[in-house]
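Working notes, beginning with the structure itself.
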Amino acid sequence: GATIGILGGGQLGRMLSVAAARLGFRTHIFEPGANPPAADVAHAVTTAGYDDHKALEAFARACDIVTFEFENIPTEALDVVEAITPIRPGREALRISQDRLTEKTFLGDLGLKVAPFADVTDAATLKAAVAQIGTPAILKTRRFGYDGKGQARLKDDADLDAAWAEMNGAPSVLEGFVNFSAEISVIAARSATGEVACFDPGENVHRDGILHTTTVPAKISNAQRTDAVLLAGRVLNALDYVGVMGVELFVTPQGLIVNEIAPRVHNSGHWTQNGCAIDQFEQHIRAVAGWPLGDGQRHADVVMTNLIGDDMARVPELARARDTALHLYGKAEVKPGRKMGHVNQIIRD
Ligand code: ATP
Ligand code: MG
Ligand code: MG
């Protein structure tokens, strides 16, 4: 079978590799860190930095198509790979989602609603941004933030110098705080021929900035569900996207507001492993391999709960629970805030 290269060897790369193997593909992982979770289940692994162009070239030559599970791959590394092997999804989606300012500008230009935002480069521009947007607000670094890292919340009496100091000089954006009634996400897929299919939107609850649970179905109206899916389709079509994308949305009385997009399989889509015949990982592999999209219709209600750090102590009990599917990432070391696995509980009425 063909070989699919995956940049990044975390749990997402691991679950992509399992899905690829089920369809008869081989996967080749490229990952700078030692002992990545994906290494256990991939056909081949290259351990090298993104600045090692020789290793990147050899990796690209070994693969028929290259995809990624991580959006912060340096541009020069992508140039080296792309000169040899096609990358899916394309570079434009990566470029846009790597930078919150570019991302919000792109989404706004598409006619979608985003939180009010302003560019922040120093203490003075932060002051001007607060004057424009007001408080409460959230200051976020433009690049490299995940799991709520690189963010500072500003209340009305905020010490702006202290908030700016927390960004460590990194170019940032100030976002108005959205008073949402719920957070939902759409896991959307687009094939090489332009078919679009969306999984049922899931409702997300965060704890300490990290996704805690995703529940399907989300408690939203049919109109909101349709709106969410159409909106996601617009984003994918605008980017001529091929693969799976996670679109995070805030539900408000004024409509859906886009928080951010992730050009990859997404933690809030893990419920699909036990709620659909075709899950997000297989859907992504199908799309990047040029296959037709699979049937991702939801056949069960599911609550996905992340197992973070010491939550691993619950595994023996969860292993005995009914209607409960465990997915563990094989990470040797438990650390606070580290995603160790997740559990999908099927809900029956
Ligand atoms: P991820 O791990 O999803 O990539 P991230 O570090 O990129 O997270 P965001 O998604 O921007 O961070 O923010 C994390 C969470 O903080 C959101 O899911 C939401 O709960 C809250 N949040 C972020 N921005 C806003 C906002 N403008 N208004 C209200 N809440 C927000
Ligand atoms: Mg993010
Ligand atoms: Mg997010």
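Here are some notes:
- Here Thr47 passes the criteria (1) at pLDDT below 95; (2) more than 30 Å from Phe177 (Cα to Cα); (3) in contact with a strand residue (DSSP E or B) (Cβ under 7 Å, 6 or more places away or on another chain) except the one numbered (1).
- Residue in region 35-50 that is touching a Gly at 6+ places or on another chain (Cβ under 9 Å), aromatic (Phe, Trp, Tyr) and either assigned by TED's automatic domain parsing to the domain that holds Ala289 or over 23 Å from Asp240 (Cβ atoms) (or both) present: no
- Odd one out for Ile133, checked against (1) within 16 Å of ligand 2 (Cβ to nearest atom); (2) touching an Asp or Glu at 6+ places or on another chain (Cβ under 8 Å): (1)
- Ala238 vs. criteria of a type outside the set (Phe, Trp, Tyr), farther than 14 Å from Val302 by Cα and touching a Leu at 6+ places or on another chain (Cβ under 6 Å): yes
Residues checked against (1) at pLDDT below 95; (2) on the phi > 0 side of the Ramachandran plot; (3) buried (at least 21 other Cβ atoms within 10 Å of the Cβ):
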residue: Phe177; (1), (2), (3): no, no, no
residue: Phe180; (1), (2), (3): no, no, no
residue: Gly194; (1), (2), (3): no, yes, no
residue: Ala197; (1), (2), (3): no, no, yes
residue: Thr214; (1), (2), (3): no, no, yes
residue: Gln224; (1), (2), (3): no, no, no
residue: Gly243; (1), (2), (3): no, yes, yes
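- Taking region 8-53 as the range and being among the β-branched types (Val, Ile, Thr) and surrounded by fewer than 23 Cβ atoms within 10 Å (Cβ to Cβ) as the test, the residues that pass are Val18, Val41, Val45, Thr46, Thr47.
- Only strands (runs of 3 or more DSSP E) whose full extent lies in region 1-101 are considered here, and the ones with at least 2 residues that are more than 20 Å from Leu239 (Cβ to Cβ) are 3-7, 26-31, 44-47.
- Residues being surrounded by fewer than 20 Cβ atoms within 10 Å (Cβ to Cβ), in contact with a strand residue (DSSP E or B) (Cβ under 9 Å, 6 or more places away or on another chain), farther than 19 Å from Glu166 by Cα and β-branched (Val, Ile, Thr) - total across region 102-132: 1
- Condition met for Ala197 (outside any helix (DSSP H, G or I), away from ligand 2 (no atom under 16 Å from the Cβ) and touching a Leu at 6+ places or on another chain (Cβ under 9 Å)): yes
- For Gly150, the conditions (1) assigned by TED's automatic domain parsing to the domain that holds Asp301; (2) without any contact (Cβ under 8 Å) to a residue 60 or more places away in the chain; (3) surrounded by 15 or more Cβ atoms within 10 Å (Cβ to Cβ); (4) within 15 Å of ligand 2 (Cβ to nearest atom) all hold with the exception of (1).
- Every condition in (1) away from ligand 3 (no atom under 13 Å from the Cβ); (2) farther than 27 Å from Arg91 by Cα; (3) among the aromatic types (Phe, Trp, Tyr) is met by Phe180 except one, and the failing one is (1).
- Any hit, region 164-172, residues being closer than 22 Å to Leu239 by Cβ, charged (D, E, K, R) and either in contact (Cβ under 8 Å) with a residue 24 or more places away in the chain or in contact with a Leu (Cβ under 9 Å, 6 or more places away or on another chain) (or both): no
The values are calculated or read from the model by the stated rules, or taken from the named source; none is laboratory data. Everything numeric here is computed off the predicted structure, so don't read it as measured data. All Cβ positions, glycine included, derive from the backbone under ideal geometry; neighbour counts span all protein chains shown.
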